[in-house]
Amino acid sequence: MELLRDTILKVDLGKIGRNMDKIRGMVGPDVAVMPVIKANGYGCGAVGIAPTLMEHGAAYLAVAALNEAMELREAYPDYPLFVLGFTPGRLAEITIENRITQTLVNLSQAKAFSDAALALGMKAKVHLKVDTGFHRLGTADKEELLAMAQLPGLDVEGIFSHLALAGEEEDEAQFRLFMECVDYLEARGVSLRYKHIDDSISLGDYPQYRLNMVRPGALVFGLLGFHKATLDVEQCMSMESRISQIHEIKAGEGVSYDYLWRAPRDTRVGTVPVGYADGYPRNMRDKGYLTVRGVKCPTVGVLCMDQLMIDLTDCPDAQEGDVAIIYGDGSGNTMSIPEAAQLAGTNKNEIIARILARPPRVYVK
Ligand SMILES: *Cc1c(COP(=O)(O)O)cnc(C)c1O
């Protein structure tokens, strides 16, 4: 298909597949791997990467919100889908009809799901969320969890929680509270097929907390966040564009809004069609660079919505139409996602999750 834009996000499906294999190898055959592909698959395109994850043993595909799950459901009518976030009771029916496994956070939401399921003559497949300290979603009230588990319209397939990663002692306290809730329910006859608490970081750092399911997000895309463990995953995405125009300007002339940058010397300025409406952080001004012909070319001036300018003076061979790498894997003088996160004052997940819809996703093997 003809690409209608020079600014693209390239996603290497081979790397995603190998990363999945490495994660599965690390946790072993008794631990199910549920890759998290919320936020449009961490920017990579959830629908586009899903088949690779299915081929490489994903037990479920997890997203944050029902509308994300519905997009996957339309593309993949049968694959198990999981919503990690809150879905209000008014959306119970559509969730159940579409066989989407839903997180339940308290008794009132659980009742809404149970009632909707009974009205449909179906069961709602759900996992209970235990609030072990993060205080985002869930409850730690054991009687409430038991009441939720006993509702007639629910098929309670699992239970989970999420670590704050505040430190080993705090994490252990969360895990202990989680297991107390699990034990309480199991002692009262609730059967729980899946129990899970580990995300990307904790599945590596805390093998003792893997239970029988893990939920890696960033790790699937090759973004390593472990504090102790290691795994040789590969960053699967790169973002690139092409120089649209080159201007030769004189020392003292300004570039972009407010002329906040002025050329300290005669300068070759290249324009590249990527801006903050593509998800490129606006606060990269005076810090960011793009890579042209292996040379780091700093951005100059205020970054615009759809374009930015780079200093090509140290890359005298650069031509209009040349590839300009926005994010690479760090080799060949390219900016890696971790470096971009550091320069923009955020984390790796935000750098990729904020890549908006406009750059076409291009899948390579
Ligand atoms: C996003 C998310 C994950 C995956 O997080 P990573 O840090 O990217 O591995 C796991 N579990 C829950 C509940 C999440 O919201």
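Of everything in the stretch 123-148, what is farther than 16 Å from Glu186 by Cα and without any contact (Cβ under 8 Å) to a residue 24 or more places away in the chain? Give them in sequence order.
Residue satisfying the conditions is His135 alone.
Go through the stretch 36-125 and tell me which strands (runs of 3 or more DSSP E), entirely inside it, have 2 or more residues that are among the small types (Gly, Ala, Ser) and in contact with a His (Cβ under 7 Å, 6 or more places away or on another chain).
none
Step by step: first the residues of the stretch 190-210, then only those that are buried (at least 22 other Cβ atoms within 10 Å of the Cβ) and of a type in the set (A, V, I, L, M, F, W, C), then the one that is farthest from Ile351 (Cα to Cα). Which residue is that?
Ile197
Residue by residue through the stretch 168-190, note down the ones that are part of a loop (DSSP other than H, G, I, E, B) and touching a residue at least 24 places away in the same chain (Cβ under 8 Å).
Across the stretch 168-190, the qualifying residues are Arg188, Val190.
Out of all the residues in the stretch 280-331, which are touching a strand residue (DSSP E or B) at 6+ places or on another chain (Cβ under 9 Å) and of a type in the set (Gly, Ala, Ser)?
Gly288, Gly301, Ala318, Gly321, Ala324, Gly328
Could you list, in sequence order, all residues of the stretch 145-172 that are exposed (fewer than 15 other Cβ atoms within 10 Å of the Cβ) and away from the ligand (no atom under 15 Å from the Cβ)?
Ala147, Pro152, Asp155, Gly167, Glu168, Glu169, Glu170, Glu172
Assuming Gln245 fulfils every condition listed in (1) more than 16 Å from the ligand (Cβ to nearest atom); (2) free of Cβ contacts under 8 Å to residues at least 60 places away in the same chain; (3) exposed (fewer than 15 other Cβ atoms within 10 Å of the Cβ) apart from one, which condition is it?
(2)
So, in the stretch 30-88, of the ones that are farther than 23 Å from Ala357 by Cβ and charged (D, E, K, R), which residue ends up farthest from the ligand (Cβ to nearest atom)?
Asp78
Provide a single number: the residues in the stretch 224-259 that are assigned to a strand (DSSP E or B) and out of contact with any Lys or Arg (no Cβ under 9 Å at 6 or more places or on another chain).
Of the residues in that region, 2 qualify.
No value in this document is a laboratory result; all are computed from the given coordinates. As the structure is a computational prediction, the values presented were derived from the model and not from experiment. Virtual Cβ from ideal backbone geometry, glycine too; neighbours counted across all protein chains shown.
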